[in-house]
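For reference, the structure discussed in these notes is given below.
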Amino acid sequence: MSFRYTVLASVSALAAAGLVSGIAQASEHVNQRPDAPVEPAVHDVIVVTGYRIVTNIHVEDQVSPEQAPVLGPDAAGLVARLPGAALVDNGSVSGQVQYRGLFGPRAPVAINGAAVTSAGPNLMDPPLHYAPMPLVERIEVDRGVAAVSRGPGMGGGLNVILKSVGFGPGHDPVAQTDTMTAVRSVDGSYAAGGVAGAASESSYAELLFSYEEGGDIAFSGGDIPNSHHERTVYGIGGGLARGDHAIEFSYRRLDTGPTGTAALAMDIDFVETDMARLSYEGMAGGITLDAALGWSDVSHGMNNFSQRPNADPMRHRFTYADARTLGAEFAVGVPAMGGVLDLGIDREEAEHDVLITNPDNAGFFVGSLPDIAIERTGIFAEWTGEILSLDSELGLRADRHEDDAGQATTGPALPAGAQMLASMFNMADRAHEETTVDAVARFWRETDGDVTWRLTLARKTRMPSYVERYAWLPTGASGGLADGNTYVGDLHLEPEIALSIEAGFDWRGDKAYIRPTVFHRRVDGFIQGVPFDATPGVIDTPVEMVSNMNGDATPLRFANVDAEFYGIDADFGWQITPGWRVDGVASLVRGERRDIDDPLYRMAPARLLLDLTYDQADWSVSLEGEFVARQDRVSATNSETVTDGHAVFGANLDWYARDNVLVTLGAENVFDAIYERHLSGYNRVAGGDVAAGDRLPGAGRGLYARVSGAF
Ligand SMILES: [Cu+2]
């Protein structure tokens, strides 16, 4: 249900922002339920393909990248512009979103409403890897926490809506396209893609395509090591509608070529992913029906020698990581107690397998995460309506989880210590069952049209990831933490349980707006690396021996600890004169252990984004400053280093060449500042322009251009 709400919210936001009729028409097909309410109080929408937005004051539920520079191929960078959000950058196309301190497996991400399964045990292919910028229409973000109907997950839910021609307004099929091309000087990159198809009110068919390629990103000290990328996506889709019933089908193929991930021990050699989804949406007797079947198959290869120097053939590694998923969902919406009650059931089956090899030694292979099977069946109830004149959303969900792992295989060339760990793993009871319960209550109230108060209370859970549970061999695989540590899992991990409260208001006056939020989240059983045993550095266990041979005498072990997060963030703006306006986003988050005195690892530093914009009818110019504070609250457990504060400035010109063509020209990092990004990890590529072990810097000065067009 929340999915439907946000679709409608964005459509109305676009209309409110004064979009021209062409795009409004293209969006009309999503407006299948004109009676459904619109709830910007609980969702943010980032519109990527908003053409000709005549802005007086920012509409409260969208951030438009057309008025702000969005650089590079990663949609994670776009989301990072929201209040409370930041980019955790493990590579040009390996970015994760951090939202109010949560990232990686704690931040649920869907594409077109479908959960995305990554294959890489270090999230080289995080969910947003599957949403190249030329294909992204908009991104919807559940403010604070995700509704239970989105599935399990701890943080705010992200749903990326890809471009689609969708159903059209007319009886006869009409051809449509929506494309974007971009070039960027700092990495010599280009991107091109979009959707083309034909649509009528009863059917549509479409083709999707995108191609992106870029070299290493330059900064004033040289090139950022292994920051190149290459990615292709193509797909088909279609739909049939009869009366109150519609079915839609989509298939996409993703093909990522050699791409660097300098903060990790290996680079991407390939990611080859097939994804398909069949969905039904309809209405019968006043009851709404939603059903979907999804399937994905990821084949991923990575290595530590073809894109980075590695002179020792004994240490060459090529790792294969595969994942397959099957999912099914069914939900009904019925009128109840003056509101709407959504009842749903969903099931997901996932298989993961990771095999480490040495291509120069046929006897060296090891199944480090062997034949992992993860099954989940969930049910939820979510009611939306009015309680004591407060708009309310009350949700409850329960999930049954079953995990298991197969037998670890080892080649004869593997050292004896690792052989022993494998046989211990194979003798252990690896199966696990768990039931988790989530509850979300949201209340919001609009007063005299200017202020919307909002309050969210939630109990959310997260199951340990398969890496956290089943990593029996100490390796750098950690779900993309990129802290340089070696990790082992724990078969006995408990689920994380988070209790959170979040409160704020959205105020919009004639000439200004502000939307501040304060939040607190207490997590029991927070899963985090801790010293392997009571005598770290004393090599007295098989795990420490094997880890020491791999170059880390002090491995970490995933364990349940206690943690908390709190912070404040806001976006705001002021229309100074009819032509000039200022917009800004400010974010502050703290994450701390509660059981010991140590900040949590990889927390975003305090940040302020400020844009000064001059608007005219057909064009606008923006100057942007990004001010990032020093981060000295760093995790001693993760050997995290401090980063200094910095300021980076950019400028861009938007020109609405026609009603449906937008041209953007911009300059990034105009003063060519050298700065370290706290969330980007440490360089692990030797022999480049950044010393191994140093923080990876941000991009240097450059120009970029982008043309978006819909016909
Ligand atoms: Cu990988």
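Among the residues of the stretch 384-402, are any open to solvent by less than 60 Å² (accessible area, probe 1.4 Å), within 28 Å of the chain's Cα centre (by Cα) and among the basic types (Lys, Arg)? The answer is yes; a qualifying residue exists.
Kindly evaluate Asp312 against the criterion of being touching a Pro at 6+ places or on another chain (Cβ under 7 Å), more than 15 Å from the ligand (Cβ to nearest atom) and open to solvent by 50 Å² or more (accessible area, probe 1.4 Å). So Asp312 fails the test. Could you please let me know if Gly301 is of a type in the set (Gly, Ala, Ser), touching an Asp or Glu at 6+ places or on another chain (Cβ under 7 Å) and more than 16 Å from the ligand (Cβ to nearest atom)? Judged against the criteria, Gly301 is not a match.
Residues in the stretch 213-224 include at least one that is in contact with a Phe, Trp or Tyr (Cβ under 8 Å, 6 or more places away or on another chain), part of a strand (DSSP E or B) and open to solvent by 40 Å² or more (accessible area, probe 1.4 Å). Residues that are over 23 Å from the mean Cα position of the chain (by Cα) and among the hydrophobic types (A, V, I, L, M, F, W, C) within the stretch 155-178 comprise Val165, Phe167, Val174, Ala175, listed in sequence order. Per the conditions (1) away from the ligand (no atom under 16 Å from the Cβ); (2) more than 14 Å from the chain's Cα centre (by Cα), the sole criterion not satisfied by Gly120 is (1). From Val561, Val589, Val582, which residue is surrounded by fewer than 16 Cβ atoms within 10 Å (Cβ to Cβ), more than 25 Å from Gly693 (Cα to Cα) and aliphatic (A, V, I, L, M)? Result of the check over Val561, Val589, Val582: Val582.
Residue-level analysis places Val663 outside the set of residues that are out of contact with any Leu (no Cβ under 7 Å at 6 or more places or on another chain), buried (at least 16 other Cβ atoms within 10 Å of the Cβ) and assigned to a loop (DSSP other than H, G, I, E, B). Counting the residues of the stretch 233-265 that are open to solvent by 30 Å² or more (accessible area, probe 1.4 Å), at pLDDT 95 or above and within 16 Å of the ligand (Cβ to nearest atom) gives 2. Being more than 16 Å from the ligand (Cβ to nearest atom) and touching a Ser or Thr at 6+ places or on another chain (Cβ under 7 Å) holds for only one residue in Phe364, Phe318, Phe330, and it is Phe364.
Of all the numbered requirements in (1) away from the ligand (no atom under 16 Å from the Cβ); (2) open to solvent by 60 Å² or more (accessible area, probe 1.4 Å), Glu281 misses one, and that requirement is (2).
For Asn652, the criteria (1) surrounded by fewer than 20 Cβ atoms within 10 Å (Cβ to Cβ); (2) under 27 Å from the mean Cα position of the chain (by Cα) hold in every case but one, which is (1).
Could you tell me how many of the residues in the stretch 338-360 are open to solvent by 50 Å² or more (accessible area, probe 1.4 Å) and either at pLDDT 95 or above or over 30 Å from Ile287 (Cα atoms) (or both)? The qualifying residues number 9. Considering Gly537, Gly579, the condition of being on the phi > 0 side of the Ramachandran plot and without any contact (Cβ under 8 Å) to a residue 40 or more places away in the chain is satisfied by Gly537 alone.
Condition check for Asp269 on (1) within 20 Å of the chain's Cα centre (by Cα); (2) within 11 Å of the ligand (Cβ to nearest atom): one failure, at (1). Whenever a residue of the stretch 207-236 is on the phi > 0 side of the Ramachandran plot, its partners that are open to solvent by less than 10 Å² (accessible area, probe 1.4 Å) and among the polar types (S, T, N, Q), lying with C-beta atoms within less than 8 angstrom and at least six residues away or across chains, give the pairs Asn226/Thr261.
With the condition kept exactly as written, say whether any residue in the stretch 596-604 is β-branched (Val, Ile, Thr) and crowded, with 20+ Cβ neighbours inside 10 Å. Checked against the condition, which is being β-branched (Val, Ile, Thr) and crowded, with 20+ Cβ neighbours inside 10 Å, the stretch 596-604 yields no hits at all. Residue count for the stretch 95-152 satisfying the condition of being in a loop (DSSP other than H, G, I, E, B) and not acidic (Asp, Glu): 26. Can you name every residue in the stretch 557-585 that is of a type in the set (A, V, I, L, M, F, W, C) and modelled with pLDDT of 95 or more? Scanning the stretch 557-585 gives Phe558, Ala559, Val561, Ala563, Phe565, Ile568.
Being in a strand (DSSP E or B), under 27 Å from the mean Cα position of the chain (by Cα) and at pLDDT below 95 is a property that Glu329 lacks. Please determine whether any residue of the stretch 148-160 is among the small types (Gly, Ala, Ser), open to solvent by 10 Å² or more (accessible area, probe 1.4 Å) and within 16 Å of the ligand (Cβ to nearest atom). Checking the stretch 148-160: not a single residue is among the small types (Gly, Ala, Ser), open to solvent by 10 Å² or more (accessible area, probe 1.4 Å) and within 16 Å of the ligand (Cβ to nearest atom). Per the listing Asp187, Asp125, the residue uniquely away from the ligand (no atom under 16 Å from the Cβ), among the acidic types (Asp, Glu) and buried (at least 22 other Cβ atoms within 10 Å of the Cβ) is Asp187. Filter the stretch 284-298 down to residues that are free of Cβ contacts under 8 Å to residues at least 40 places away in the same chain and at negative phi and give me whichever is nearest to the ligand (Cβ to nearest atom). Filtering first and then ranking leaves Asp297.
In the set (1) modelled with pLDDT under 95; (2) loosely packed, with under 15 Cβ neighbours inside 10 Å, the condition left unmet by Phe671 is number (1). Name every residue in the stretch 90-117 that is within 16 Å of the ligand (Cβ to nearest atom) and within 13 Å of the chain's Cα centre (by Cα), in order of residue number. Once the filter is applied, which keeps residues that are within 16 Å of the ligand (Cβ to nearest atom) and within 13 Å of the chain's Cα centre (by Cα), the stretch 90-117 yields Asn90, Val93, Ser94, Gly95, Gln96, Gly104, Pro105, Val116, Thr117.
The values are calculated or read from the model by the stated rules, or taken from the named source; none is laboratory data. Everything numeric in this text was worked out from a predicted model, so none of it was measured. Ideal geometry is used to build each Cβ from the backbone, glycine not excepted, and the neighbour counts take in all protein chains shown. All accessible areas refer to the heavy atoms of the entire protein, side chains included, with ligands and DNA or RNA removed. Shrake-Rupley method; radii C 1.70, N 1.55, O 1.52, S 1.80 Å.
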